[in-house]
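J.: Dropping a structure here in structure tokens format, bear with me for questions.
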Amino acid sequence: MVNKYVFDMGGVITKSYYLRGLYNELNPNTNYTDFKFQFYCSQEALDAYKGLITIEEYFKKISSLTQTDYRIEELIKMYHAYKGGIYRKTLLIMQFLKERDNQIYLLSNLNEADHLYLEKNMDMNIFDKQYLSYEMHKVKPDEEIYMDVINDLGTNDFYFFDNSSTNIKAAKQLGIKAFKTTGHNINETMELIYKQKN
């Protein structure tokens with residue numbers, strides 16, 4: 001029987017982002033709390049995750065708000081430099097599942113720069129399909145993005161891994177077998193699934 005496994009990116013495939021490092025290098029004319037809000041929670045950040053503005057427009061806004069003088073290309077390069085890297089354990093698990101004829105998917109809230117980082121740092125052919133918020137113009141935990149995945153796969157009978165309790169709760173409400181995990185403890189999560197199946 002072919003099983004379907006859907007992975008989030010941040011926290012599950014990629015390690016935590018070191019935003020403080022970027023803040024220190026940029027040395028913006030704002031405090032860290034405001035900087036963090038602008039990067040993750042502002043309307044511009046949400047618009048970038050939904051693909052309603054380009055990544056260039058997003059970083060241009062960040063540059064303006066933080067009063068930094070870097071070119072957009074430099075900001076994106078610096079942004080990538082403070083990514084935490086890839087969880088090797090997650091990659092190995094995905095490869096293991098794929099070799100046994102399971103289907104592997106990506107479902108993530110991410111902007112274009114995040115996706116570019118993934119493309120540069122792992123083999124994207126591991127995924128049978130990618131569900132990307134900036135292409136779908138929807139974000140988790142909104143029900144609509146999960147329903148798009150369910151409708152496309154033709155089922156809600158799949159395993160979903162995310163590091164957000166809110167996203168997991170939303171998925172479970174739609175009957176998805178959702179597990180809160182990170183790349184750090186994904187081995188234990190897979191062992192739990194194996195025990196449940198047997």
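J.: Considering only residues that are under 21 Å from L26 (Cα atoms) and not in a helix (DSSP H, G or I), which ones fall in the range 42-53?
T.: Scanning the range 42-53 gives a single hit, S42.
J.: Something else: Which residue pairs have Cβ atoms under 7 Å apart, sit 6 or more places apart or on different chains, and have a first residue in the range 40-56 that is on the phi > 0 side of the Ramachandran plot and a second that is modelled with pLDDT of 95 or more and open to solvent by 60 Å² or more (accessible area, probe 1.4 Å)?
T.: Cβ pairs passing all conditions: G51/E135; G51/H137.
J.: Considering only residues that are in contact (Cβ under 8 Å) with a residue 12 or more places away in the chain, over 13 Å from L110 (Cα atoms) and not hydrophobic (A, V, I, L, M, F, W, C), look in the range 58-69 and name the one that is surrounded by the fewest Cβ atoms within 10 Å (Cβ to Cβ).
T.: For the range 58-69, the residue satisfying everything is Q67.
J.: For the range 34-49, enumerate the residues that are open to solvent by less than 50 Å² (accessible area, probe 1.4 Å) and either among the aromatic types (F, W, Y) or closer than 11 Å to E112 by Cα (or both).
T.: F35, F39, A48, Y49
J.: Tally time: how many residues in the range 154-189 are part of a helix (DSSP H, G or I) and either touching a Pro at 6+ places or on another chain (Cβ under 9 Å) or open to solvent by 30 Å² or more (accessible area, probe 1.4 Å) (or both)?
T.: Kept after step one, since they are part of a helix (DSSP H, G or I), are these residues of the range 154-189: 165-172, 186-189.
Next, from what is left, pick out any that are either touching a Pro at 6+ places or on another chain (Cβ under 9 Å) or open to solvent by 30 Å² or more (accessible area, probe 1.4 Å) (or both): 165-172, 187-188.
Qualifying residue count, the range 154-189: 10.
J.: Then there's this: Would you call Y105 in a helix (DSSP H, G or I), among the hydroxyl-bearing types (S, T, Y) and either modelled with pLDDT of 95 or more or at negative phi (or both)? Even if it seems obvious, please write down each step before you answer.
T.: On the way: in a helix (DSSP H, G or I): no; among the hydroxyl-bearing types (S, T, Y): yes; either modelled with pLDDT of 95 or more or at negative phi (or both): yes.
In short, no.
J.: Could you list, in sequence order, all residues of the range 93-127 that are among the polar types (S, T, N, Q) and crowded, with 16+ Cβ neighbours inside 10 Å?
T.: Selection gives N102, Q103, S108, N109, N111.
J.: May I pose another question? Go through (1) in contact with a strand residue (DSSP E or B) (Cβ under 6 Å, 6 or more places away or on another chain); (2) more than 29 Å from N156 (Cβ to Cβ) and name the single condition M94 misses.
T.: The single condition M94 does not satisfy is (2).
J.: Where residues in the range 70-91 are within 27 Å of I193 (Cα to Cα) and in contact with a helix residue (DSSP H, G or I) (Cβ under 9 Å, 6 or more places away or on another chain), which of them is least open to solvent (accessible area, probe 1.4 Å)?
T.: By that ranking, first place goes to T90.
J.: Another question about this same structure. Suppose we keep only residues that are aromatic (F, W, Y) and in a loop (DSSP other than H, G, I, E, B) within the range 1-33. Which one would you say is least open to solvent (accessible area, probe 1.4 Å)? Show your work before the answer.
T.: Of all residues in the range 1-33, those aromatic (F, W, Y) come to 5, 7, 17-18, 23, 32.
Then keep just the ones that are in a loop (DSSP other than H, G, I, E, B); that gives 17-18.
Values: Y17: 46, Y18: 123 Å².
Ranking the candidates gives Y17 first.
J.: Kindly indicate whether any position in the range 154-174 is within 17 Å of the chain's Cα centre (by Cα), modelled with pLDDT of 95 or more, under 15 Å from L106 (Cβ atoms) and β-branched (V, I, T).
T.: no
J.: Report, ordered by the first and then the second residue, all pairs with beta carbons closer than 6 Å, sequence separation of six or more or different chains, a first member in the range 131-151 that is in contact (Cβ under 8 Å) with a residue 12 or more places away in the chain, and a second member that is polar (S, T, N, Q) and buried (at least 16 other Cβ atoms within 10 Å of the Cβ).
T.: Partner pairs satisfying both residue conditions: S133/N109; Y134/N111; V139/N109; V139/S133; K140/N109; K140/N167; P141/N167; I150/N156.
The values are calculated or read from the model by the stated rules, or taken from the named source; none is laboratory data. Everything numeric in this text was worked out from a predicted model, so none of it was measured. Cβ atoms come from the backbone with ideal geometry, glycine included; neighbour counts cover every protein chain shown. What goes into the accessible areas is simple: the full protein's heavy atoms, side chains included, and nothing from ligands, DNA or RNA. Shrake-Rupley method; radii C 1.70, N 1.55, O 1.52, S 1.80 Å.
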